[in-house]
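One structure is given below, encoded as structure tokens.
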Amino acid sequence: MEQHDPAAIFAAQTRYSPQRRLGFGLKERRAALIALRDAVIARQDEIAAAIAADFNRPLTETLVIDVMPLVQEIGHTRKQLRGWMRPRRVWPSLGMLGTSAKVVAEPRGVCLVIGAWNFPFLLTLGPLASALAAGNSVVVKPSELAPASSALMARMLADLFPPELVQVVEGGVEVTGTLLALPFDHIFFTGSPKVGKIVMAAAAKTLASVTLELGGKSPVIIGPGADLAKAAKWVAWGKFFNTGQTCVAPDHVFVHESVEAAFTTALRAEVVRLFGRNPGTSPDFGRVVNARNWQRVTGLLDAAVADGAEVIAGGERDAATRFLAPTVLVKTTEAMAISQEEIFGPVLPIIPFADLAEVIARINRGEKPLALYVFEKARVADRIVAETSSGSVGVNLVVMPFIHPNLPFGGVGNSGQGSAHGLAGFRAFSHEKAVMTNRFSLLFLLFPPYGGRVKRLSKLLIALFR
Ligand code: NAD
């Protein structure tokens, strides 16, 4: 790993700012996006190999869930950029007659992107694309928990961009701490709520703006009106691809008691269809990222079982290879740690319910989820959308709101702050500057001295503005 001094990089990017402001327009930003896109496409197999080296993710899975959405995100941004960058004229209100006004998107300046390891390229280069589209310089800090991916990103981006525009800084907690002490204009962080709080506290010292893409427990609700075969197909895939290490993976399932048996049967069959009867030998099932996380997830599982939960599928494990089979768990209670902490691994608790109101109340008692999924008729889904708060909602599917380029992606409360992707990503890295020009405004008639005329005029305007 090549060492870079964060403070020197920050200073170089800051010094470059006046030039960047003048010389990094639509044409140059598009060229940067095309260069990034082409490098990702050209090096897709290297990317897949790096992630396989980091946590044994199947090569094709990386093409499907890291490279494909990333290329879509960059391509969409490139195509829409002209429209997003165009100043937006706004109409004057009655009182503003005689003026014109527009909203100009200006780059925030020098930005810091801190990536997570679980989708190392998508979650690091995706925000980078938004930051470049918005015209910023960027320091990129990939996660140290995916070291091969981090090293590949450092090489790739060094080949593509001058360091005053984009520079990768590799390293762990200490390096992140050094970066966070610098007065960046914007910090875009993807990771856990726990570290999100550290990032926000650091940003408070310099009043840097933040986008926090965090995690949490994303529930699935399966009602009596659900298409159970469809629900089982989506839940099995959404939970167990990437070995359950997906921020928007279903964390647990609430299923109506009248369809619980039918759903669990369909779910188990679906897991076998995806990964065979022995997932340990399946080339399509990955491994837990490191020993610490393997111990954490198996620890949550074992503690639940010790307290009365039952494994009805999976449970096989191997510490040496960090393998944990796709595991389905029943009879958990709300007090268990597995019901409180984000699982972030291949264990899926199934919780039967009789009354939807109870499920809604339980969701509303907890932290606001990053994603919430419903398998039911539209009327029931609409009720859940109206009565709960979450970053996103998927109806009769999971995970996909994350990939839709025209939807903002982000959490709320404990699951995050601000949004990414497409236009939302462009806006996250832009300051919307209000520009107003006086043409023949009569507003000066309201200036002092406050004689009878100002009083009459202000009363008239108050009446008109109602
Ligand atoms: P993490 O919070 O442990 O690490 C994320 C980044 O923070 C890394 O780059 C790491 O170097 C840095 N970091 C860790 N500890 C730090 C500290 N004490 N001080 C400063 N920096 C520190 O998260 P992770 O393990 O990489 O990812 C798992 C979490 O991320 C889960 O909660 C998951 O739901 C969430 N996540 C969210 C999204 C999203 O888009 N919302 C995407 C992926 C993961």
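Report, in deg cm²/dmol and to the nearest 500, the calculated mean residue ellipticity at 222 nm for the chain, where each DSSP H run with n ≥ 4 adds -39500 (n - 2.57) and the sum is divided by the residue count.
Numbers: 17 runs with 207 residues, N = 466.
So the calculated ellipticity at 222 nm is -14000 deg cm²/dmol.
Apolar share of the accessible surface for segment 17-131: 58 percent from carbon plus sulfur atoms, 1.4 Å probe. How far is helix 260-275 tilted, in degrees, relative to the longest principal axis of the Cα atoms in the chain, given as a value from 0 to 90 rounded to the nearest 10? With rounding to tens, the tilt is 90 degrees. Surface composition of segment 219-408: carbon plus sulfur atoms contribute 54% of the solvent-accessible area (1.4 Å probe, protein chains only, all chains present).
What net charge is computed for the residues neighbouring Leu324, neighbours being all others with C-beta under 9 Å from the C-beta of Leu324, Lys and Arg scored +1, Asp and Glu -1?
On the way: positive: Arg287, Arg317, Arg322; negative: Glu316, Asp318.
Net of charged neighbours comes to +1.
If you take every DSSP beta bridge whose two residues both sit in segment 219-408, what share of them, in percent to the nearest 5, is antiparallel? Before the final figure, lay out each step's value.
Working: 5 of 24 bridges.
Here the antiparallel bridges make up roughly 20 percent for segment 219-408.
Too long at a 26 Å Cα-Cα cut-off: which of Lys141/Lys197; Lys79/Lys205; Lys79/Lys102? Kindly include the intermediate steps, with their values, before the conclusion.
On the way: Lys141/Lys197 17 Å; Lys79/Lys205 37 Å; Lys79/Lys102 23 Å.
Beyond 26 Å between Cα atoms: Lys79/Lys205.
Applying the Karplus relation 6.51 cos²θ - 1.76 cosθ + 1.60 with θ = phi - 60° to segment 127-143 yields 3J(HN,Hα) values of x, 4, 4, 4, 5, 5, 4, 7, x, 9, 8, 9, 9, 10, 10, x, 6 Hz, where x marks Gly and Pro.
Keeping every protein chain present and rolling a 1.4 Å probe, give me the accessible area per residue for segment 219-408 in Å².
Working: 7830 Å² over 190 residues.
With the other protein chains kept in place, segment 219-408 gives 41 Å² per residue.
Excluding Ala236 itself, what net charge comes from residues whose Cβ is under 15 Å from its Cβ, given Lys and Arg +1 and Asp and Glu -1? Here the charged neighbours net out to +1. Cα centroid separation, segment 231-306 to segment 101-176: 32 Å.
A convex hull fitted around the alpha carbon atoms of the chain yields 175 Å³ per residue. The solvent-accessible area of Val195, taken with every protein chain present and a 1.4 Å probe, is close to 50 Å².
Sorting His186, His404, His4, His76 by solvent-accessible area of protein heavy atoms yields His404, His4, His76, His186, largest first, with a 1.4 Å probe.
Based on Cα contacts under 8 Å between residues 6+ apart, the chain shows a relative contact order of 18 percent.
Bridgeable aspartates and glutamates around Lys230 (alpha carbons under 12 Å apart, same-chain partners fewer than 8 residues away excluded): Glu270, Glu376.
How large is the charge dipole for segment 315-404, taken about the Cα centre, if only the Cβ atoms of Lys, Arg (+1) and Asp, Glu (-1) carry charge, to the nearest 20 debye? All intermediate terms of the calculation are to be shown ahead of the outcome.
Details: 9 positive and 11 negative charges, 23 e Å.
The calculated dipole for segment 315-404 is roughly 100 debye.
Among beta bridges identified by DSSP and lying wholly in the chain, the antiparallel ones come to about 35 percent.
The charge dipole of the chain, taken about its Cα centre with unit charges on the Cβ of Lys, Arg, Asp and Glu (plus for the first two, minus for the last two), comes to roughly 2740 debye. Mean projected area of the Cα convex hull of segment 219-408, taken over all directions, amounts to 10.4 nm². For the chain, take the longest principal axis of its alpha carbons; what is the angle in degrees between that and the long axis of helix 378-387, to the nearest 10 within 0 to 90? Taking Cα atoms only, the helix is inclined about 60 degrees.
Each residue was assigned an accessible area with a 1.4 Å probe, and for Glu144 the value is about 80 Å².
The values are calculated or read from the model by the stated rules, or taken from the named source; none is laboratory data. In this text the structure is predicted, and so the values were computed from the model without any measurement. A quick note on method: Cβ atoms are made from the backbone with ideal geometry, for glycine too, and the neighbour counts reach across all protein chains shown. Ligands, DNA and RNA are stripped out before the accessible areas are found, and what is left, the full protein with its side chains, is counted by its heavy atoms. Shrake-Rupley method; radii C 1.70, N 1.55, O 1.52, S 1.80 Å.
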